[in-house]
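S.K.: To start, I am sharing the structure in question, which I have written as C-alpha cells.
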Ligand code: G3H
Ligand code: ZN
C-alpha cells in the first residue's frame, strides 16, 4: 500500500538497516522496483525527480501508473512515492496534490534562514495531508537532472539539529561528500559529522548519491543513523548496458519489449542486490 516514509524510516533507524530510494524513469523501472520489493518483502521508496516527472508527462501520470501497478502486481509491501529534490514549495504542493506520499524540499543552495522558511512551509502543507518531508543541508556533488553542483559543501551538524527543530521535518539529508552519478575515485564521506548528526539531529538521516559507495561505507553510514539511501545511476547504467548488449547481439530486433524487457530484469536484480546490502529485505 501507498504510505509516507515516516514509519518506514523510523523502523529502519531502530532496526539498524536502511530503506532504498530507487528513482523511476519509466514504466519498466517502476515495474522492476516494485517487483523487487515484493519478492524481497522489503519496504521501498520510489524516487521521482522533477525532470523524470516531466519526462513521464507529469505527477498525475506517475501516481496513476504506480497505483495501477500496485493493484496489477498485487504489491503488499509498504511503498512511498517521493518527490526527489523538490525545487520549490509550489512543486512540492503540486506533487502532494497529485497524490505523492512524500516530498523532498531541496533548499540547501540558499541561505540557512531561507531553507528554514521554505522547509517549514512545506512541512505545514504536507503534514496536514499525512505526507512526509525530507530536507537537505550542504551540497551533494555531481549532477542529477536539474540538480547541478560544481563542488561539494559538507553539512554543519549544528545547523542540522536546528533545521530539524525549527521545521519538524521527518528526515534530513546532510550532504557529507556524496556525489550524484559515478564517483571519481573512492568516495570520501564525512563520517565524523554523520555520527554527530545521526546522534543529535533526532531524525533518521538520508544518504544521497548511493551509486558507487562501497559496502563498508554503506554499513558505517547505517550504523550512524542513515535510514534511507538513494540510488539512481546504478540502475540506469545496468539497464543501458543490457539494452546495448541486446541490440548489438541482434541487428534485427525492433520490438521494444525485446530490449526493454531484459533491461527491466537487470534493474530488478540490481535493486534486489541493494535491498540485501541495505538490510531491508524481509522487513516489510
Ligand atoms: O536523489 C537521488 C540520488 O541521490 C541518486 O544518486 O544517481 O548517484 O545513485 P546516484
Ligand atoms: Zn539526490
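The values are calculated or read from the model by the stated rules, or taken from the named source; none is laboratory data. Bear in mind that the values here come from a model prediction, so they are computed numbers and not experimental data. Quick reminder, even Gly has a Cβ in these numbers, built from the backbone with ideal geometry, and neighbours come from all protein chains shown.
S.K.: Any idea which of 192, 184 is part of a loop (DSSP other than H, G, I, E, B), more than 30 Å from residue 128 (Cα to Cα), out of contact with any helix residue (DSSP H, G or I) (no Cβ under 6 Å at 6 or more places or on another chain) and more than 16 Å from ligand 2 (Cβ to nearest atom)?
M.R.: 184
S.K.: If you check residue 229 against the conditions, is it closer than 21 Å to residue 18 by Cβ, within 14 Å of ligand 1 (Cβ to nearest atom), touching a strand residue (DSSP E or B) at 6+ places or on another chain (Cβ under 9 Å) and not in a loop (DSSP other than H, G, I, E, B)? First the steps, then the outcome.
M.R.: Details: closer than 21 Å to residue 18 by Cβ: yes; within 14 Å of ligand 1 (Cβ to nearest atom): yes; touching a strand residue (DSSP E or B) at 6+ places or on another chain (Cβ under 9 Å): yes; not in a loop (DSSP other than H, G, I, E, B): yes.
Considered against the rule, which asks whether it is closer than 21 Å to residue 18 by Cβ, within 14 Å of ligand 1 (Cβ to nearest atom), touching a strand residue (DSSP E or B) at 6+ places or on another chain (Cβ under 9 Å) and not in a loop (DSSP other than H, G, I, E, B), residue 229 comes out as yes.
S.K.: How many of the residues making up segment 41-57 are assigned to a loop (DSSP other than H, G, I, E, B) and either surrounded by 14 or more Cβ atoms within 10 Å (Cβ to Cβ) or at pLDDT below 95 (or both)?
M.R.: 4
S.K.: Where the second residue is within 10 Å of ligand 2 (Cβ to nearest atom) and part of a loop (DSSP other than H, G, I, E, B) and the first is within 16 Å of residue 222 (Cβ to Cβ) and touching a residue at least 12 places away in the same chain (Cβ under 8 Å) and lies in segment 170-184, which pairs have Cβ atoms under 6 Å and are six or more apart or on separate chains?
M.R.: Note: pairs meeting the criteria are 173/208; 178/140; 178/208; 178/209.
S.K.: Here is a follow-up. Which residues, counting only those in segment 218-233, are buried (at least 18 other Cβ atoms within 10 Å of the Cβ) and away from ligand 2 (no atom under 13 Å from the Cβ)?
M.R.: Across segment 218-233, the qualifying residues are 218, 221, 222, 224, 225, 226, 227.
S.K.: Among residues belonging to segment 87-119 that are part of a helix (DSSP H, G or I), surrounded by fewer than 19 Cβ atoms within 10 Å (Cβ to Cβ) and touching a residue at least 40 places away in the same chain (Cβ under 8 Å), point out the one that is nearest to the chain's Cα centre (by Cα).
M.R.: Within segment 87-119, the match that is nearest to the chain's Cα centre (by Cα) is 98.
S.K.: Hey, another quick one. Look at segment 206-226 and say how many of its residues are free of Cβ contacts under 8 Å to residues at least 40 places away in the same chain and either more than 22 Å from residue 6 (Cβ to Cβ) or within 10 Å of ligand 1 (Cβ to nearest atom) (or both).
M.R.: 8
S.K.: Something else: Do we find that residue 235 is in contact with a helix residue (DSSP H, G or I) (Cβ under 7 Å, 6 or more places away or on another chain) and closer than 24 Å to residue 26 by Cα in this structure?
M.R.: yes
S.K.: Sticking with this structure for a sec: List pairs: first in segment 253-265 and under 10 Å from residue 239 (Cα atoms), second outside any helix (DSSP H, G or I) and modelled with pLDDT of 95 or more, Cβ under 8 Å, 6+ apart or cross-chain?
M.R.: 259/253
S.K.: Still on this structure, I have one more. What number goes with the only condition from (1) out of contact with any strand residue (DSSP E or B) (no Cβ under 7 Å at 6 or more places or on another chain); (2) within 16 Å of ligand 1 (Cβ to nearest atom); (3) under 30 Å from residue 170 (Cα atoms) that residue 266 does not pass?
M.R.: Here residue 266 meets the rest and fails (3).
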